[in-house]
Amino acid sequence: MAYLLKPLEAGSLKLANRLVMPPMATAKAQENGMVSQELLDYYAEKSEGGYIGLIIIEHSFVQQEGKSGKRQLSAAEDNMVEGLSKLAKAIQRNGSKGVLQINHAGSAATKEITGKIPVAPSVTIQRGKDNMLHELTRQEIMEIVQAFGEAAGRAKQAGFDGVEIHSAHGYLLNQFFSPLTNKRLDAYGGDVLNRIKIHLQIIETVRKVVGEKFPILLRLGAMDFIEGGTTIEESLLAAREFAKAGVTILDISRGFSGYNMGLTGQGYLAHLSEAIKKVISIPVLVTGGITEIQAAERLLVQGKADLIGVGRAILYDSEWARNAIQSLSDSRE
């Protein structure tokens, strides 16, 4: 059997295969953050046939201050649960598992969207951003930690198979993790253990809310690919701490660099997932330019990851997963 077609168990999460549709923002929710019919139709189409083992729903904001887009999905209020439940069922009835990603945009938010000055670990200059920022107080940090816990509780209540904490792509938790944006002088700044203090508090709080068996994923911007940014050595240390804290699957992505990393090819972040996989025992997911099913299979066989995220190819072609898995099955007969 092809490696990608093998099932995987991570805690209570039982996946039929190793193919993952990673979170990709669609801006298809209602303006108040509620699930729309357009969003339901989109995920029903992507999950049709159950060819994708795991679908991670695009980021949902945990606080109004952390909303990054006009039609971003919300997990910030209890009245979102009914719509989120419909979304979970739309995926699960097709045979895939569904995980909801929860996020706070931090300084990536705008006053035009939230009505408030964006918050950040520190007041720093960020390219392309309004420099009017509010440095979070420790009390405000704890309120955000609690908001993540409550959002995770809503994900579980809605019937999702797990929840993913977003710490990549320049959003708030990535801002705490990266020395580019975290210049704090208190317990949340300085060395890498201090910079992931908020992550560990969120993991602990989420675990208390959802219970011991509910899967918790964490998406980590493992390198910024910018001078002075997060290094792979720091991410190895962070990965160990996240695994010890109870994360079920670690999802490896990029940090502040955007797509301008100078890296190309099938699985261009696999060198990061491979390094991280060597220091933790929990499953590791990697994404990054993967459009060929044989490349996905090769990354698994080479031990560079346990799960493979295919984003853009599935985004542009809803038949990609069916055709790819069929071709992989045929080649093994």
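Each value in this text was obtained by applying a stated rule to the coordinates, not by laboratory testing. Everything numeric in this text was worked out from a predicted model, so none of it was measured. Counting neighbours? That spans all protein chains shown, and the Cβs are built from the backbone with ideal geometry, glycine included.
What's the total number of residues in the range 298-333 that are hydrophobic (A, V, I, L, M, F, W, C) and part of a loop (DSSP other than H, G, I, E, B)? Residues meeting the conditions: 2. So residue 280 fits all but one of (1) buried (at least 20 other Cβ atoms within 10 Å of the Cβ); (2) in contact with a Lys or Arg (Cβ under 9 Å, 6 or more places away or on another chain); (3) closer than 16 Å to residue 220 by Cβ; what number is the exception? The single condition residue 280 does not satisfy is (1). The listed residues are 175, 157, and the only one of them that is over 19 Å from residue 114 (Cα atoms), assigned to a helix (DSSP H, G or I) and of a type in the set (S, T, N, Q) turns out to be 157.
In the range 25-32, is there at least one residue being touching a strand residue (DSSP E or B) at 6+ places or on another chain (Cβ under 7 Å), over 13 Å from residue 86 (Cβ atoms), surrounded by 18 or more Cβ atoms within 10 Å (Cβ to Cβ) and not β-branched (Val, Ile, Thr)? No, the range 25-32 has no match at all.
Yes/no matrix, rows are residues, columns are (1) in contact (Cβ under 8 Å) with a residue 24 or more places away in the chain; (2) surrounded by 21 or more Cβ atoms within 10 Å (Cβ to Cβ); (3) of a type outside the set (Ser, Thr, Tyr):
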| position | (1), (2), (3) |
| --- | --- |
| 157 | yes, no, yes |
| 183 | yes, no, yes |
| 188 | yes, no, no |
| 199 | yes, yes, yes |
| 203 | yes, yes, yes |
| 206 | yes, yes, yes |
| 210 | yes, no, yes |
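When the range 277-297 is filtered for residues that are basic (Lys, Arg) and not in a loop (DSSP other than H, G, I, E, B), only 277 remains.
In the range 114-125, the condition of being touching a helix residue (DSSP H, G or I) at 6+ places or on another chain (Cβ under 8 Å), assigned to a helix (DSSP H, G or I) and within 21 Å of residue 55 (Cα to Cα) is met by no residue. Residues that are in contact (Cβ under 8 Å) with a residue 40 or more places away in the chain and either closer than 24 Å to residue 180 by Cα or hydroxyl-bearing (Ser, Thr, Tyr) (or both) within the range 248-272 comprise 248, 251, 252, 253, 254, 255, 256, 258, 269, 272, listed in sequence order. Could you check, for the range 14-24, whether at least one of its residues is charged (D, E, K, R), assigned to a helix (DSSP H, G or I) and surrounded by fewer than 16 Cβ atoms within 10 Å (Cβ to Cβ)? Checked the range 14-24: no residue is charged (D, E, K, R), assigned to a helix (DSSP H, G or I) and surrounded by fewer than 16 Cβ atoms within 10 Å (Cβ to Cβ). When only residues in the range 283-296 that are within 25 Å of residue 316 (Cα to Cα), touching a strand residue (DSSP E or B) at 6+ places or on another chain (Cβ under 7 Å) and in contact (Cβ under 8 Å) with a residue 40 or more places away in the chain count, which is surrounded by the fewest Cβ atoms within 10 Å (Cβ to Cβ)? Result: 285.
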